[in-house]
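Peer 1: Before I ask anything, here is the structure I am working with.
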Amino acid sequence: MIGILIVGIIFLFGVVVVQIGKVTDLTAKIRGEETVNRNITNSQAKWLMVFCVVFLVYCVASAWYYKNSMLGYGPHEAASAHGGDIDSLFNVTLFFTGIVFILTHIALFWFTYKYRRQEGRVGKFFSHDNKLEAIWTIVPALVMVYLVTNGLVVWNEVMPDVDPQEEVLEFEATGSQFLWEIRYPGPDGKLGTKNFRLINGGNNPLGQDWTDKKNIDDFHATDIYLPVNQKVRVRITAKDVLHNFYLPHFRLKMDAIPGLPTYFVFTPTKTTEEYREELSKYPEWQVPFDPEDPNGPQRWEMFDYELACAELCGKGHYSMRRIVKVVSQEEYDEWFNAQSSYYVQNIRNTDLDPFKGELLDYEINARSKELLSEFEAALIEDNPSDISINLTNVFFNTGSAELRERSKYELENISKILKEYSDVSIEISGHTDNTGDANANLILSRERANAVINYLVNKGIGSNRLRAVGYGQSQPADTNDTVEGRQANRRIEMKIISQNL
Amino acid sequence: MSEVRTFNEEALIEEQGYDDHFHEHHHEDKYKSSFIFKYIFSLDHKIIARQFLFTGMFWAIIGAGMSIIFRLQLGFPDESLAWLKPMLGRWIMMNEETGVGTLDPQFYYALVTMHGTIIVFFVLTAGLSGTFSNLLIPLQLGARDMASPLLNMMSYWFFFLAGVVMFFSLFLSTGPFSGGWVAYPPLSALPQASSGSGAGMTLWLVSLTLFVVSVLLGGINYITTVLNLRTKGMSLWRMPLTIWAFFVTAIIGLLSFPVLVSGFFLLIADRSLGTSFYLSEIFINGQALDYVGGSPVLYQHLFWFLGHPEVYIIILPAMGIVSEVLSVHARKPIFGYKAMVYSILAIAFLSFIVWAHHMFMSGVNPFISNFFVIFTLIIAVPSAVKVFNWITTLWGGNIRLNSPMLFAIGFVSMFISGGLTGIFLGNSAIDIQLHDTYFVVAHFHIVMGIAAFFGMFAGVYHWFPRMFGRFMNETLGRIHFWMTMIGAYAIFWPMHYLGMAGVPRRYYRFDSFEAFGQFSTMNEFITIAAIITFAAQILFVINFIWSINNGRKMTTKNPWLATTLEWTTPIKAGHGNWPGKIPTVHRWAYDYGKDGQDFIPQIVPLSEKELAEDAH
């Protein structure tokens, strides 16, 4: 039905058009072509002048109306250190081109109006003028030289990579159909290597190479957090097709290319909160965020910097949004410390972990801090000897009292503590589970405690400050009915027995 | 009142012309044997020009119609498009409960891609340059036909074939190609990445390869004709600017299109033969692909090595047409003829060394961009010279404000507006922000889309009598002009503000982003303006078709009182263009208002006074 209607309308439209055509041809015949042409020429010339005026007014007025969307004006100020330069370059160019635009349009339409056809006039035979042509070659050339120079100065300030020695915060954005994945380097400040063949949606979305220890502390983030006034280098990569890392508020854009990492260096200069403050001054931002809920938060309160994709990447191209939060250094540190590494959360000690069964630096460091704090906590107790500190990282071969290599970190820590607290004496106690002969267990536990003591003595701790005890299976810490329980029962403990003040 | 001198062209040609014994060869039979060979597989450049024009118009309607559909999506993203279901079928996704139909994003991107491909290649390259190069090169040079009428005919039929393949791809179940008209890999190389990158992309590549064959066959013909078949007296410096423009356009096309095809061949190899020219380290659809070592940026270099000259392939013919139309209807010589020619040559040369300005943000070395910025912004100088010369051509004229002239003036306005925004984008630092935003969309639509269309309209209205022996209706022509002029600015001017606000192009909807979603009123306005402007083009088409048989008849050979040779042939010129001798040329093409005379055709020998002046 609608189809028929549309065809009908087009047909009627055609009929009207043809009739107009016939009528004008007829009037031309009746009134005489000359008169008609003269009238038409005059009216067309007038309309062109009207158009010129209305058009120029419209251009200026619309620019005024949309000034808050223009680069560098109103709430549309750049939020990065280099953004202001780009905005002012834009405005310098706007100034020159605006003048040319207005003058050439006035000339174009005014000449057309003034020199419209009149009976008896012959066009001037004015075919060239070297001086005039030289002027309008040289003047644009000079203006272009000025704009190019300015432009290249800004370009060469904005685009260079960071100096290798320079302290920057680096993070990584990876585009894929249709989302951005964000990776931060963790406390070591270095992003681990990736290999696209290792990508696995379930447990390695970015293809991080776990044999590279720089990957161990790398964490993935949902929102991009950046500390204000900190120089940032974003490493931009893609998994499947081209994407473009686009932060409109920061005047930043760079293609993400599979197989060819790119970068952009910038410094955010306004926190999200500061930007919101700015926006709150403009009426278009003082409206409810949700029109259905007039009492809800206003638009400026809900503002966030956004990351978008600016290179066509398929049917979901328009939806690759992430939020960027620029915060103070303190807030950033707080956020940063609350993040946990992808490796630790998902990979550590699984079959995918190349370091399964080994102690990693972060674990050793964390353990040494933990041990020290447990020790110091016990020390200030009224009765320190009530507190048993489980030495979780002391390991023996099964059924033997021979210390494994990786026990050394824990033992080194104890020796360090004892050297610092040189007035403290401790007891090292060995425990086993209930498998096997109870007597044999008792002996084994004592030998194991002794092995620890010997290690410490070799490190220069006075043997008078150390006492070894074997408890065998007599003091289980957990049930002996499960594997985990028995595992927990096989342990070495440390206890403060005296402190000479 | 000055006398308007009329000239007896036939007598002049008979007296002064050059006898090439054309009609002793009995060509007549070969060209007029039957309807099929006269109108379909014609060797006559005038018929081939019309074939290019009709085909170009067909594609213009399709290409512009597609833009209306995706503008509906952008202007009214929440309105139901269920009424389009009879036409688009399953590309309209129906919500069973509410009955609301939404456009499939996949098809939205297919529409955007096809719109660009069709308008750039089929309409503004073949439809514009193909039509007017074919029509005017032999006629304005005083040649019987193209150097090789056979290649010329093949040029059209390869274009036709390219069109058939592309048209067929619109009906594939996986949809036509949807990765943007630039077809960047890996998106265009991997069917896994987008359903349009399967069979749709294969047909796209086949179609455009056929199209390039067409352009090359045409181009080599235009160049040969211009160099070898100019009539006696027609030195290069006496050629009308139209011919200069078509000539240089053909050279640019001949040098740049093969690079595009080589880029396409590497893409085809990546798609079908497992090579890795453009692909490396790709993980898609849960699978790591075997491609290693390629670079997607290489494709961009090859593509834009054509892609940038392509915009001059589009705009130079329009510039040539406008120069001619402005001069004829202002009754004045084109101002600074030599400067115009040198500008064309300078623009053509520079067009080959600026391609990477499309790639400032593509991951190329920022240092390299310095050179591309400098060369790009140098183009502003010859472009500015052309604009000032056009405006000065109007100064002191005696201007007829008919449809071709209105469109020519509109062209100058569009070229200024769109050209100036190029100065922003060519400066790489500003391009960081504006790249791939609506600012770019506004820029190139105005400067090479609308402006080129205006040049084409000016040409069609101006040479319609030459093609069909009748005039197009003036009133409708003026209505067409005003609706298009106002409509085009209404569509594209506001897009500058979208671009400044950072709104990216090629978005299916904007409301997923706070920063981009605040312009819904403007987008509605743009869509409505687009619909009205499209309706105006329908008006043009109706006027065109109606006028072929019913327009006011041409009663004199030279209705515009122009100086060039195409107006010296009979109203219904047969094959060979001139029934007897071919005209001899004695002067340049722009003797308007000289020595108090309204105009002096090129075939008129120099007067004694002129000879005396020349002797100095």
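The values are calculated or read from the model by the stated rules, or taken from the named source; none is laboratory data. Remember, predicted model here, so these are calculated numbers, not experimental data. Using ideal geometry, Cβ is built from the backbone for each residue, glycine included, and neighbour counts are taken over all protein chains shown.
Peer 1: Select from segment B:255-309 the residues that are out of contact with any helix residue (DSSP H, G or I) (no Cβ under 8 Å at 6 or more places or on another chain), acidic (Asp, Glu) and buried (at least 21 other Cβ atoms within 10 Å of the Cβ) and list them in ascending order.
Peer 2: B:ASP270, the sole residue that qualifies.
Peer 1: Tell me which residues, restricted to segment A:383-436, are over 48 Å from the mean Cα position of the chain (by Cα), of a type in the set (A, V, I, L, M, F, W, C) and under 26 Å from A:ASN480 (Cβ atoms).
Peer 2: A:ALA401, A:ILE428 - these are the residues of segment A:383-436 that are over 48 Å from the mean Cα position of the chain (by Cα), of a type in the set (A, V, I, L, M, F, W, C) and under 26 Å from A:ASN480 (Cβ atoms).
Peer 1: Separate question: Evaluate the following for A:LYS194: is it of a type in the set (Lys, Arg), touching a residue at least 12 places away in the same chain (Cβ under 8 Å), farther than 14 Å from B:PHE283 by Cα and touching an Asp or Glu at 6+ places or on another chain (Cβ under 8 Å)?
Peer 2: No, not satisfied.
Peer 1: Also, quick follow-up: Quick check on this structure: which one of A:GLY83, A:GLY123, A:GLY74 is at positive phi and touching a Phe, Trp or Tyr at 6+ places or on another chain (Cβ under 9 Å)?
Peer 2: A:GLY74
Peer 1: Name the residue that is farthest from B:PRO186 (Cα to Cα), counting only residues in segment A:203-255 that are part of a strand (DSSP E or B) and among the aromatic types (Phe, Trp, Tyr).
Peer 2: A:TYR225
Peer 1: Just to check your reading of the model, which residue among A:ALA451, A:ALA378, A:ALA440 is part of a helix (DSSP H, G or I), in contact with a Lys or Arg (Cβ under 9 Å, 6 or more places away or on another chain) and at pLDDT 85 or above? Show your work before the answer.
Peer 2: Values: A:ALA451 fails: in contact with a Lys or Arg (Cβ under 9 Å, 6 or more places away or on another chain); A:ALA440 fails: in contact with a Lys or Arg (Cβ under 9 Å, 6 or more places away or on another chain).
Step by step, each of A:ALA451, A:ALA378, A:ALA440 is checked, and only A:ALA378 is part of a helix (DSSP H, G or I), in contact with a Lys or Arg (Cβ under 9 Å, 6 or more places away or on another chain) and at pLDDT 85 or above.
Peer 1: Which one of these is modelled with pLDDT of 95 or more, out of contact with any Cys (no Cβ under 7 Å at 6 or more places or on another chain) and either within 24 Å of A:THR237 (Cα to Cα) or charged (D, E, K, R) (or both): B:LEU267, B:LEU289?
Peer 2: Of B:LEU267, B:LEU289, the one residue that is modelled with pLDDT of 95 or more, out of contact with any Cys (no Cβ under 7 Å at 6 or more places or on another chain) and either within 24 Å of A:THR237 (Cα to Cα) or charged (D, E, K, R) (or both) is B:LEU267.
Peer 1: May I ask you to verify whether B:GLY307 is small (Gly, Ala, Ser) and not in a helix (DSSP H, G or I)?
Peer 2: no
This table checks each residue for (1) within 29 Å of B:ILE282 (Cβ to Cβ); (2) buried (at least 24 other Cβ atoms within 10 Å of the Cβ); (3) of a type in the set (Lys, Arg).
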site	(1), (2), (3)
B:LEU151	no, no, no
B:PHE158	no, no, no
B:LEU170	yes, no, no
B:SER173	yes, no, no
B:SER178	yes, yes, no
B:GLY253	no, yes, no
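Peer 1: Does segment A:136-158 contain any residue that is farther than 30 Å from A:ASN42 by Cα, buried (at least 18 other Cβ atoms within 10 Å of the Cβ), more than 7 Å from chain B (Cβ to nearest Cβ) and not polar (S, T, N, Q)?
Peer 2: Yes, because at least one residue in segment A:136-158 is farther than 30 Å from A:ASN42 by Cα, buried (at least 18 other Cβ atoms within 10 Å of the Cβ), more than 7 Å from chain B (Cβ to nearest Cβ) and not polar (S, T, N, Q).
Peer 1: Polar (S, T, N, Q) and in contact with a Leu (Cβ under 9 Å, 6 or more places away or on another chain): does that describe B:SER235? So that I can check it myself, show each step before the final result.
Peer 2: Working: polar (S, T, N, Q): yes; in contact with a Leu (Cβ under 9 Å, 6 or more places away or on another chain): no.
For B:SER235, the condition - polar (S, T, N, Q) and in contact with a Leu (Cβ under 9 Å, 6 or more places away or on another chain) - is not met.
Peer 1: Scan B:PHE453, B:PHE444, B:PHE407 and give me the residue that is closer than 20 Å to A:ILE40 by Cα, under 18 Å from the mean Cα position of the chain (by Cα) and among the aromatic types (Phe, Trp, Tyr).
Peer 2: B:PHE407
Peer 1: Determine whether segment B:530-552 contains at least one residue that is more than 14 Å from chain A (Cβ to nearest Cβ) and modelled with pLDDT of 90 or more.
Peer 2: Looking for residues that are more than 14 Å from chain A (Cβ to nearest Cβ) and modelled with pLDDT of 90 or more, one finds at least one in segment B:530-552, hence yes.
Peer 1: Inspect all residues belonging to segment B:271-294 and state whether any of them is away from chain A (no Cβ under 13 Å) and in a helix (DSSP H, G or I).
Peer 2: Among the residues of segment B:271-294, at least one is away from chain A (no Cβ under 13 Å) and in a helix (DSSP H, G or I), which makes the answer yes.
Peer 1: Working carefully through the options B:MET405, B:MET414, find the one that is more than 26 Å from A:GLY84 (Cβ to Cβ), assigned to a helix (DSSP H, G or I), more than 7 Å from chain A (Cβ to nearest Cβ) and touching a strand residue (DSSP E or B) at 6+ places or on another chain (Cβ under 7 Å).
Peer 2: Selected residue: B:MET405, the only one of B:MET405, B:MET414 that is more than 26 Å from A:GLY84 (Cβ to Cβ), assigned to a helix (DSSP H, G or I), more than 7 Å from chain A (Cβ to nearest Cβ) and touching a strand residue (DSSP E or B) at 6+ places or on another chain (Cβ under 7 Å).
Peer 1: Can you name every residue in segment B:184-201 that is surrounded by fewer than 23 Cβ atoms within 10 Å (Cβ to Cβ) and either within 21 Å of B:PHE58 (Cα to Cα) or more than 9 Å from every other protein chain (Cβ to nearest Cβ) (or both)?
Peer 2: Residues satisfying the conditions are B:PRO191, B:GLY198, B:ALA199.
Peer 1: For segment A:173-180, check the following and say yes or no: at least one residue is of a type in the set (Phe, Trp, Tyr) and farther than 21 Å from A:THR262 by Cβ.
Peer 2: Start the filter on segment A:173-180 by keeping residues that are of a type in the set (Phe, Trp, Tyr), which leaves A:178, A:180.
Now narrow it down to the ones that are farther than 21 Å from A:THR262 by Cβ: none.
No; the residues of segment A:173-180 include none that is of a type in the set (Phe, Trp, Tyr) and farther than 21 Å from A:THR262 by Cβ.
Peer 1: May I ask you to verify whether B:PHE121 is touching a helix residue (DSSP H, G or I) at 6+ places or on another chain (Cβ under 6 Å) and either part of a loop (DSSP other than H, G, I, E, B) or within 13 Å of chain A (Cβ to nearest Cβ) (or both)?
Peer 2: Details: touching a helix residue (DSSP H, G or I) at 6+ places or on another chain (Cβ under 6 Å): yes; either part of a loop (DSSP other than H, G, I, E, B) or within 13 Å of chain A (Cβ to nearest Cβ) (or both): no.
Taking the combined requirement at face value, the residue does not satisfy it.
Peer 1: Out of the residues in segment A:218-242 that are charged (D, E, K, R) and closer than 23 Å to A:TYR318 by Cα, state the one that is surrounded by the fewest Cβ atoms within 10 Å (Cβ to Cβ).
Peer 2: Of everything passing the filter in segment A:218-242, A:ASP223 is surrounded by the fewest Cβ atoms within 10 Å (Cβ to Cβ).
Peer 1: Sticking with this one: Given the criteria touching a Pro at 6+ places or on another chain (Cβ under 6 Å), more than 17 Å from A:VAL394 (Cα to Cα) and in contact (Cβ under 8 Å) with a residue 40 or more places away in the chain, does A:ILE461 qualify? I'd like the intermediate steps shown before the answer.
Peer 2: Working: touching a Pro at 6+ places or on another chain (Cβ under 6 Å): no; more than 17 Å from A:VAL394 (Cα to Cα): yes; in contact (Cβ under 8 Å) with a residue 40 or more places away in the chain: yes.
Against the criterion (touching a Pro at 6+ places or on another chain (Cβ under 6 Å), more than 17 Å from A:VAL394 (Cα to Cα) and in contact (Cβ under 8 Å) with a residue 40 or more places away in the chain), A:ILE461 does not qualify.
Yes or no, residue by residue, for (1) within 14 Å of chain A (Cβ to nearest Cβ); (2) not charged (D, E, K, R):
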position: B:ILE446; (1), (2): yes, yes
position: B:GLY449; (1), (2): no, yes
position: B:PHE454; (1), (2): yes, yes
position: B:PHE464; (1), (2): yes, yes
position: B:ARG478; (1), (2): yes, no
position: B:MET485; (1), (2): yes, yes
position: B:MET495; (1), (2): yes, yes
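Peer 1: Still on this structure: Which number in (1) under 27 Å from B:ALA384 (Cβ atoms); (2) out of contact with any Cys (no Cβ under 6 Å at 6 or more places or on another chain) marks the one condition that A:ARG38 misses?
Peer 2: (1)
Peer 1: Also: Restrict the check to segment A:108-119 and report whether at least one residue is under 14 Å from A:PHE55 (Cα atoms) and within 7 Å of another protein chain (Cβ to nearest Cβ).
Peer 2: yes
Peer 1: Inside segment A:460-494, can you point out the residues that are surrounded by fewer than 19 Cβ atoms within 10 Å (Cβ to Cβ) and within 48 Å of the chain's Cα centre (by Cα)?
Peer 2: Of everything in segment A:460-494, those that are surrounded by fewer than 19 Cβ atoms within 10 Å (Cβ to Cβ) and within 48 Å of the chain's Cα centre (by Cα) turn out to be A:ALA477, A:ASP478, A:THR479, A:THR482, A:VAL483, A:GLU484, A:GLY485, A:ARG486, A:GLN487, A:ALA488.
Peer 1: Could you pull out the residue among A:HIS82, A:HIS128 that is within 7 Å of chain B (Cβ to nearest Cβ) and either out of contact with any strand residue (DSSP E or B) (no Cβ under 6 Å at 6 or more places or on another chain) or under 16 Å from B:ALA429 (Cα atoms) (or both)? I'd like the intermediate steps shown before the answer.
Peer 2: On the way: A:HIS82 fails: within 7 Å of chain B (Cβ to nearest Cβ).
Selected residue: A:HIS128, the only one of A:HIS82, A:HIS128 that is within 7 Å of chain B (Cβ to nearest Cβ) and either out of contact with any strand residue (DSSP E or B) (no Cβ under 6 Å at 6 or more places or on another chain) or under 16 Å from B:ALA429 (Cα atoms) (or both).
Peer 1: Answer yes or no as to whether B:ALA330 is in contact with a strand residue (DSSP E or B) (Cβ under 8 Å, 6 or more places away or on another chain), of a type in the set (Gly, Ala, Ser) and farther than 23 Å from B:HIS443 by Cβ.
Peer 2: Values: in contact with a strand residue (DSSP E or B) (Cβ under 8 Å, 6 or more places away or on another chain): yes; of a type in the set (Gly, Ala, Ser): yes; farther than 23 Å from B:HIS443 by Cβ: yes.
The answer is yes for B:ALA330.
Peer 1: Still on this structure, please answer the following. When you go through A:GLU330, A:GLU284 one by one, which is the residue that is assigned to a helix (DSSP H, G or I), exposed (fewer than 15 other Cβ atoms within 10 Å of the Cβ), in contact (Cβ under 8 Å) with a residue 60 or more places away in the chain and at negative phi? Walk me through it before giving the result.
Peer 2: On the way: A:GLU330 fails: in contact (Cβ under 8 Å) with a residue 60 or more places away in the chain.
Testing whether each residue is assigned to a helix (DSSP H, G or I), exposed (fewer than 15 other Cβ atoms within 10 Å of the Cβ), in contact (Cβ under 8 Å) with a residue 60 or more places away in the chain and at negative phi leaves just A:GLU284.
Peer 1: On to the next question. Need the failing condition index for B:PHE41 against (1) surrounded by fewer than 20 Cβ atoms within 10 Å (Cβ to Cβ); (2) in contact (Cβ under 8 Å) with a residue 40 or more places away in the chain; (3) within 27 Å of B:SER520 (Cα to Cα), just the number.
Peer 2: Result: B:PHE41 fails condition (3) only.
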